[in-house]
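Encoded as C-alpha cells, the structure appears first; notes follow it.
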Amino acid sequence: MTTRNLDELRELIDHLLTQWALHSDVGTYRQPAARRGKSFTSPDITRAAIVDGFGRHVHKTAAAVVTLIDAGHVTAAAPLVRQMYETALTAVWLIQSSEDHGVKALLSEHTRNRRALQGDIRQARSAVFREGAEDLPDTDPTPFIGSLDSVRSFKGICLDLEPGGVDAYVYYRLLSTYSHASLGVVDLYFAPSPEGTYLPHRRPDPRKPISADMMLYFAAISMVWVARAYTYISHDKEHRSILRDAARYLDVNPEVGLSDNYRKRHSTRREPRSD
C-alpha cells in the first residue's frame, strides 16, 4: 500500500467528487455484466438502487471527512472513514454477487435488525414506543430466505473479495478501534505515567494514531471502489477510465472481484429454486 501526501490526496478527493457529480445521475440503470441481456427484475432494481445509494453516501461523507481533517480533527474522522470503507466494499460485493443472493442477504439482515428493534421497542418504558411497535415496517424476513450469502459479518464480505481477504478486514478493524467506546479511544488521551507514580498522566492534546494523509488515502480508495461499483449499472466508460487512473495513482486495484471463497460456496451448494 502506497500513501500520498496530504495536498495530493486532498486534490484527488476534490477531483473524484467533481467526477461523481458529473457521472452519477444516469437516469436509467443498466444491467451489470453478469446479468447482461436479462430483463430487470425486482431484485435487479433493488441491487442497483442500493449501490447507487451507497455511492452517494460515500461521496457525501468524503466531504465531511475533508472538513474534519482540514480543521485538525483527524481522529474524529476515523468513524466516518470506516463507514466509507465498509460501504464501498459492500457495494463492490453486492454488484457482483450471483443472481439475487447478495440482495436477499442484505435485505434479510435489514429485516433481522428491524425485528430486533421491534422486540426492544415492545419492552420500552415509553408507552409511545410500545404502542408503535407493531407498526414498525420491514420486520418480515420470509421473502429473503434461501440466500447462499450473508452480510452478518463484514469479515465474510472481505473474504468474498479478491483482492481483499483478511488484509482488507484488518484495515477495517484498525479503523474500528477509534469508532467505538473502547479503551483504544481512552488511550488517546493519556500517556504512560512517570516512573514511580500511579495516577493517569493526561495528555494536553490527544495522540493521533492515524495520520491525516492515511485517513484521506482510505477515503479516496473507498470513493474509487464505490464509484467503480456504480459504473456496473451506469456503463459510463469515461467515468470508469477516470477511476482507473485514480486507482493507479493510489496504487490499488480498481477491479476488486469475487474470490475463490465466494465461488466455491456457490459451486458446492445447490442453488435454491426460485419458483
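The values are calculated or read from the model by the stated rules, or taken from the named source; none is laboratory data. Bear in mind the structure is a predicted one, so any value in this text is a computation, not a measurement. Every residue, glycine among them, receives a Cβ derived from its backbone with ideal geometry; neighbour counts consider all protein chains shown.
Screening residue 180 on (1) assigned to a helix (DSSP H, G or I); (2) out of contact with any helix residue (DSSP H, G or I) (no Cβ under 8 Å at 6 or more places or on another chain) shows it passes everything except condition (1). Regarding residue 205, is this residue at pLDDT 95 or above and either charged (D, E, K, R) or within 16 Å of residue 79 (Cα to Cα) (or both)? Answer is no for this residue. None of 240, 248 is within 30 Å of residue 45 (Cβ to Cβ), part of a helix (DSSP H, G or I), within 23 Å of the chain's Cα centre (by Cα) and charged (D, E, K, R) except 240. Among the residues of region 111-164, those identified as in contact (Cβ under 8 Å) with a residue 60 or more places away in the chain and assigned to a helix (DSSP H, G or I) are 154, 157, 158, 159.
Search region 91-111 for residues being of a type in the set (Val, Ile, Thr) and under 19 Å from residue 35 (Cα atoms), and hand back the single one that is surrounded by the most Cβ atoms within 10 Å (Cβ to Cβ). The selected residue is 92. Would you call residue 71 assigned by TED's automatic domain parsing to the domain that holds residue 219, within 20 Å of the chain's Cα centre (by Cα) and of a type in the set (Gly, Ala, Ser)? No, not satisfied.
Yes/no matrix, rows are residues, columns are (1) surrounded by 19 or more Cβ atoms within 10 Å (Cβ to Cβ); (2) over 15 Å from residue 225 (Cα atoms):
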site	(1), (2)
42	no, yes
69	yes, yes
84	yes, no
115	no, yes
121	no, yes
124	no, yes
140	no, yes
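Screening the candidates 65, 81, 103, 74 for the property of being over 19 Å from residue 45 (Cα atoms), touching a residue at least 24 places away in the same chain (Cβ under 8 Å) and touching a Lys or Arg at 6+ places or on another chain (Cβ under 6 Å) yields one hit, 74. Residues that are in contact (Cβ under 8 Å) with a residue 12 or more places away in the chain and in a loop (DSSP other than H, G, I, E, B) within region 203-237 comprise 203, 206, 207, 208, 209, 210, 211, 235, 236, listed in sequence order. Filtered by the rule that a residue be of a type in the set (Val, Ile, Thr) and either in contact with a Leu (Cβ under 8 Å, 6 or more places away or on another chain) or in the same structural domain as residue 93 (by TED's automatic domain parsing) (or both), region 104-137 gives a lone residue, 121. Scanning region 1-59 for residues that are touching a residue at least 60 places away in the same chain (Cβ under 8 Å) and among the small types (Gly, Ala, Ser) turns up 24, 33, 34, 48, 55. Of everything listed in (1) in contact with a helix residue (DSSP H, G or I) (Cβ under 6 Å, 6 or more places away or on another chain); (2) buried (at least 16 other Cβ atoms within 10 Å of the Cβ), the single unmet condition for residue 35 is (1).
From the list 16, 89, the one residue that fits, being among the aliphatic types (A, V, I, L, M) and either out of contact with any His (no Cβ under 9 Å at 6 or more places or on another chain) or at positive phi (or both), is 89.
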